[in-house]
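Notes to accompany the following structure.
Values quoted throughout were computed directly from the atomic coordinates according to the rules given, and no laboratory measurement underlies them. All of these numbers come straight from a predicted model, not from anything done at the bench. Note that each Cβ is placed from the backbone with ideal geometry, even for glycine, and that neighbours are counted across all protein chains shown.
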Amino acid sequence: MSTFFVYILAAMAFWVPIKSHCYWPVTQKCLDDTAQHYVDIAKDIAEVISEPGIKLPFTGDNYKAKSALLMISIATTESGFNRNVDSCKTVGDNGVAFGLWQTHTGREGTCSDRKVALRKAIEIVNQSFIMCKNFSLLDRMAGYTNGVCSTNSARSRIKMAKAIGYLTAHPYTEPTIEPILAEED
């Protein structure tokens, strides 16, 4: 279990507590099933974000954590990690938005493979960042959320501020082996 995976899982559970998917009376089975669903999602996010050659929305320091948190933030606000949305039993935007990231990319791939859905969502986020590059960081998701770039885009700002706020409150650094190796000298 990687620290990156654990970081992603913690952010997911912080924003949408596992218990919120279980209705009263809360059963252990519901909690266990939902926890496993979160683990599966976090694993897929960690794997896709870490794929060699994948173009992520952020570059520079902590680009993987920033990109992962943004994708988690989008899923949080678009689907809340709902199992029925993830499997496309429930769709949004009058039947044209699919998967955890509610992309308008059609059912094919998006509904059968979460990793495909995430790659499609990352591609759209990248397009939004390019399209809105002259706007503030908080507004660069406007292309994704509204289809057009705009200043003070509430839906963009909510997603971006959530990701930035979490990283600020819960910094992530990639573990290294250098200190361990140095101790052996």
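Here the calculated FRET efficiency for CYS30 and VAL148, from their Cβ-Cβ distance with R0 = 45 Å, stands at 0.65, rounded to the nearest 0.05. Dipole magnitude for the chain: about 920 debye, using +1 per Lys or Arg Cβ and -1 per Asp or Glu Cβ, origin at the Cα centre.
Using 0.36 nm per residue, how much length does the chain from GLU174 to ARG107 gain when fully extended, once their Cα-Cα distance is taken away? Could the numbers behind the result be given before it?
Numbers: separation 67, 0.36 × 67 = 24.12 nm, distance 3.49 nm.
Gain in length upon complete extension: 20.6 nm.
Global size of the range 85-185: 18.0, 63 Å for Rg and Dmax (C-alpha atoms, Rg to one decimal, Dmax whole). According to the Kirkwood relation over distinct C-alpha pairs, the hydrodynamic radius of the chain is 17.2 Å. How large is log10 of I(q)/I(0) for the range 3-90 at q = 0.15, 0.24, 0.25, 0.26 Å⁻¹ when the intensity is taken from the Debye formula with one equal scatterer per alpha-carbon? Here log10 of I(q) over I(0) equals -0.57, -1.24, -1.31, -1.38.
As a proxy for reagent exposure, ranking HIS21, HIS104 by other Cβ atoms within 10 Å from fewest up yields HIS104, HIS21. Using a cutoff of 8 angstrom between alpha carbon atoms and counting only pairs six or more residues apart, the relative contact order for the range 3-170 works out to 18 percent. When each of TRP15, TRP24 is scored by the number of other beta-carbon atoms lying within 10 Å, the sequence from fewest to most is TRP24, TRP15. For a quick check, take a GNM of the chain with Cα springs below 10 Å and name the residue from PRO171, PRO17, PRO52 with the largest mean-square fluctuation. With Cα springs under 10 Å in the chain, the top fluctuation among PRO171, PRO17, PRO52 is at PRO52.
Taking a straight line from the alpha carbon of LYS19, these lysines sit under 18 Å away, with near neighbours fewer than eight places off in the same chain left out: LYS29. Zone of ASN82 (label point 7 Å along Cα→Cβ, backbone N under 16 Å): which residues in the range 2-17? Those under the cut-off are 16-17.
Cβ crowding within 10 Å, taken as a proxy for footprinting-reagent exposure, orders SER79, SER128 from fewest neighbours to most as SER79, SER128. Here is how the number arises for the chain: DSSP H runs of 4 or more residues each give -39500 (n - 2.57), the sum is divided by the residue count, and the result at 222 nm is -17000 deg cm²/dmol.
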